1. Is at least one residue of the stretch 314-324 part of a helix (DSSP H, G or I), open to solvent by 20 Å² or more (accessible area, probe 1.4 Å) and hydroxyl-bearing (Ser, Thr, Tyr)?
2. Open to solvent by less than 10 Å² (accessible area, probe 1.4 Å), part of a loop (DSSP other than H, G, I, E, B) and of a type in the set (D, E, K, R), is that true of Asp306?
3. Mind listing just one residue for me: the one in the stretch 336-358 that is open to solvent by less than 10 Å² (accessible area, probe 1.4 Å) and over 15 Å from the mean Cα position of the chain (by Cα) and, of those, nearest to Phe67 (Cα to Cα)?
4. Given the stretch 83-142, what helices (runs of 4 or more DSSP H) lie entirely inside it while holding 2 or more residues that are more than 17 Å from Cys168 (Cβ to Cβ) and without any contact (Cβ under 8 Å) to a residue 60 or more places away in the chain?
5. Taking the stretch 349-384, which residues are in contact with a strand residue (DSSP E or B) (Cβ under 6 Å, 6 or more places away or on another chain) and more than 19 Å from Thr438 (Cβ to Cβ)?
6. Can you find a residue that is within 30 Å of Val363 (Cβ to Cβ), in a helix (DSSP H, G or I) and open to solvent by 20 Å² or more (accessible area, probe 1.4 Å) anywhere in the stretch 175-186?
7. So, in the stretch 212-256, exactly how many residues are in contact with a Leu (Cβ under 8 Å, 6 or more places away or on another chain), assigned to a helix (DSSP H, G or I) and basic (Lys, Arg)?
Amino acid sequence: MLRFRTLLAGPSRKRKKNPKTRRRTRAARSDAVPGKQCDDADVLRQPHQLETFPPEEEEEEDGELGFRLKRSARSAHGVQPLGNLFLSPNAANSRNAGLGTLQSLTDELVLEILGLLSGTHLGILATVSKSFYVFCNHEPLWRNLVLEALGGDFLFNGSWKSTYVAGCHPSFDVGSVGESGLAVRDFYSDYVFQSWLCANLEMKPEWLERDNIVRKRGISVEEFVRSFEEPNKPVLLEGCMDGWSALEKWNREYLVKTCTGVRFSVGPVEMRLEDYLRYSDQTREERPLYLFDPKFGEKVPVLGSDYEVPIYFREDLFSVLGNERPDYRWIIIGPSGSGSSFHIDPNSTSAWNAVITGSKKWVLFPPDVVPPGVHPSPDGAEVACPVSIIEWFMNFYGATKSWEKKPVECICKAGEVIFVPSGWWHMVINLEESIAITQNYVSSRNLLSVLDFLKKPNASTLVSGTRDRVNLHNKFKNAIEAKFPGKIDQLMLEAEEKAALQKKPSFWDSVTDSKAGAFKFSF
């Protein structure tokens, strides 16, 4: 359990999910489906009967472990980690008294149930008890209501609850919905506290120290292929974005002006860029919404002309499919703390990621090493993992220090490109507001593995980025054979020769007794 003074790592909250979709549970998920209408109530009451008092002062930094809260950290409604209960003179948890017969349910299940309610019912239930006040003001509940009721047509108003009221009940005084200063005494919950903590915690310096990736500048394509692409190893490339006009032009003002009125994919909804930037300026949540759009080049063609594919990645065999190719390039924009939790890139492709503004922390594990706290299903269709990136750092990052196979880590800054090989687990978190371009591609080095992936029996659940998942293998293989006759056969022959060479014993192996470890002689 957690204790605020020492912030001991509590049990990880995990979700089972498809790597190509987000979590489905409404109380904590970020993919609420747009279309649910605002409820009909004209008021959302605040619990005026609750005791109001200034929140207890909390140290900004824990000297022992070095945790630091963001300066803009918002109220936790007095919620404390469960470990503090044992230090309380009252030795009673107001969470239980306020829930009544529901106290036997876990906090996570309580929030799942509350996620079935409308905004009006949440507002009314918040007046019932101190405990329900805390649970009903849990921000992810209101985030899901906003996304379901308003889609991407919302103006963020400091909190998701205020945003919901302003969007669905414009006649209501939104000022009375904001941070009211209400706090609840003796409420202890690891689940609720950790959600708040992960939303307001700065990255610890020790999480940023390790930088063990290979860095290269000005290498030839042949050296890149020989040293990194063929052995399937990541590398950070410097200088290969030189000459990109995006490096000079892509700031907020330029993008907003260039993309006026255009909607981009943001989680489960589409938003105008100016509206998303308003949200990203104000948000402080565990999993911020991330602008991640695969059609930006079609929506705003000039953006596609502001950069060019680095010379190392120009063999892009999926291009033989033309408009039928799976999604392969994305513009990525997000605030500090946003990012992608552990995943493997789709369809067994390799990828490159170029940072245009800002900086990103990368953690990568090779295909044969599953990151701690991550539990993929045997077929790879589902992954159970921590709810947020910060939670993974808090609870699992330290374990990797003693691993023989340590993760590859780096901070990728503006003007730098990282190569992510096929099959590598990776996680990314923005250390500041960042803009990046990423592309997935297939080259001769991973063509066979991509074809094998596309013809798996469960391809309909594994393949992503295309509507025709089942037939993609045959379409791609036929297009390659038509465009490059004999290429697949040649690659298969080379792969067989390489495998045979690896199995062939060396001279010293042939003259060594494998059982005794001594030389053997024949006369």
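1. yes
2. Numbers: open to solvent by less than 10 Å² (accessible area, probe 1.4 Å): yes; part of a loop (DSSP other than H, G, I, E, B): yes; of a type in the set (D, E, K, R): yes.
Yes; evaluated as a whole, the condition is true for this residue.
3. Across the stretch 336-358, the extreme among qualifying residues is Val355.
4. Values: elements: 94-99, 107-114, 119-125, 130-136.
In the stretch 83-142, 94-99, 107-114, 130-136 are the helices (runs of 4 or more DSSP H) which contain 2 or more residues that are more than 17 Å from Cys168 (Cβ to Cβ) and without any contact (Cβ under 8 Å) to a residue 60 or more places away in the chain.
5. Pro371, Gly373, Val374, His375, Pro376, Glu382, Val383, Ala384
6. Residues of the stretch 175-186 that are within 30 Å of Val363 (Cβ to Cβ), as a first pass: none.
Checked the stretch 175-186: no residue is within 30 Å of Val363 (Cβ to Cβ), in a helix (DSSP H, G or I) and open to solvent by 20 Å² or more (accessible area, probe 1.4 Å).
7. 1
So that you can scan it fast, the table gives a plain yes or no per residue for (1) open to solvent by less than 30 Å² (accessible area, probe 1.4 Å); (2) modelled with pLDDT of 90 or more; (3) assigned by the TED database to the domain that holds Thr349; (4) not in a helix (DSSP H, G or I):
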| residue | (1), (2), (3), (4) |
| --- | --- |
| Cys385 | yes, no, no, yes |
| Gly398 | no, yes, yes, no |
| Lys401 | no, no, yes, no |
| Lys406 | no, yes, yes, yes |
| Glu409 | yes, yes, yes, yes |
| Cys412 | yes, yes, yes, yes |
| Phe419 | yes, yes, yes, yes |
| Ser422 | yes, yes, yes, yes |
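The values are calculated or read from the model by the stated rules, or taken from the named source; none is laboratory data. Fair warning: this is a prediction, and the values are worked out from it, not measured in the lab. With ideal geometry, Cβ positions are generated from the backbone for all residues, glycine too; neighbour counts draw on all protein chains shown. The area values use the complete protein model at the heavy-atom level, side chains included, leaving out ligands, DNA and RNA. Shrake-Rupley method; radii C 1.70, N 1.55, O 1.52, S 1.80 Å.
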